Amino acid sequence: MGWQHRRRRGKRGRIPKPISIEKVPTVEKFTPTPQGNPEPVYIESAELEALRLVDLEGLSQEEAGERMGVSRGTIWRLIQSARKKTVQALTEGRPLRIAPFVSERNHLPQ
């Protein structure tokens, strides 16, 4: 695979580190019944993985960061974002879509 530029927020700052995900989600969408607002809420695979490691497996943010190859602060931001999106989907009756994971490790120059 060829080199692709990694996304970063805005135009400033350093390029984000690749994030390691152990369990790639097999589901791509959850839809409430009855459905309220049809506009989906999008959650990234990295956000879901951080949420899974901390809230489901009971790891500390430090341990989750080690497993995902990122800092504890990054885990905290991923979890906060994932929780907000999940609650928004549940309370507003919106579908929750999981963005497919693309491993950036496969796109780095060798």
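The values are calculated or read from the model by the stated rules, or taken from the named source; none is laboratory data. Quick caveat: nothing in here was measured; it's all calculated off a predicted structure. Reconstructed Cβ throughout: ideal geometry from the backbone, glycine too, with neighbour counts over all protein chains shown.
Of the residues making up segment 32-65, those that are among the acidic types (D, E) and surrounded by fewer than 15 Cβ atoms within 10 Å (Cβ to Cβ) number 4. Close Cβ contacts (under 9 Å, 6 or more residues apart or on different chains) running from residues in segment 49-65 that are free of Cβ contacts under 8 Å to residues at least 40 places away in the same chain to residues that are in a loop (DSSP other than H, G, I, E, B) and crowded, with 17+ Cβ neighbours inside 10 Å comprise E49/I19; E49/I21; A50/I19; A50/V70; L53/L59; A64/V70. For segment 35-58, a tally of residues being more than 18 Å from V24 (Cα to Cα) and either hydrophobic (A, V, I, L, M, F, W, C) or under 14 Å from the mean Cα position of the chain (by Cα) (or both) returns 1. For R77, the test of being out of contact with any helix residue (DSSP H, G or I) (no Cβ under 7 Å at 6 or more places or on another chain), among the basic types (K, R) and at pLDDT 95 or above is passed. Here segment 84-105 is the region considered, the condition is being surrounded by fewer than 16 Cβ atoms within 10 Å (Cβ to Cβ) and assigned to a helix (DSSP H, G or I), and the residue that is modelled with the lowest pLDDT is R105.
Results for (1) among the polar types (S, T, N, Q); (2) on the phi > 0 side of the Ramachandran plot, shown as yes or no for each residue.
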site	(1), (2)
K23	no, no
E28	no, no
P34	no, no
N37	yes, no
R52	no, no
D55	no, no
G58	no, yes
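With the condition kept exactly as written, say whether any residue in segment 69-80 is loosely packed, with under 14 Cβ neighbours inside 10 Å and either assigned to a loop (DSSP other than H, G, I, E, B) or in contact (Cβ under 8 Å) with a residue 40 or more places away in the chain (or both). So far as segment 69-80 goes, yes, one or more of its residues are loosely packed, with under 14 Cβ neighbours inside 10 Å and either assigned to a loop (DSSP other than H, G, I, E, B) or in contact (Cβ under 8 Å) with a residue 40 or more places away in the chain (or both).
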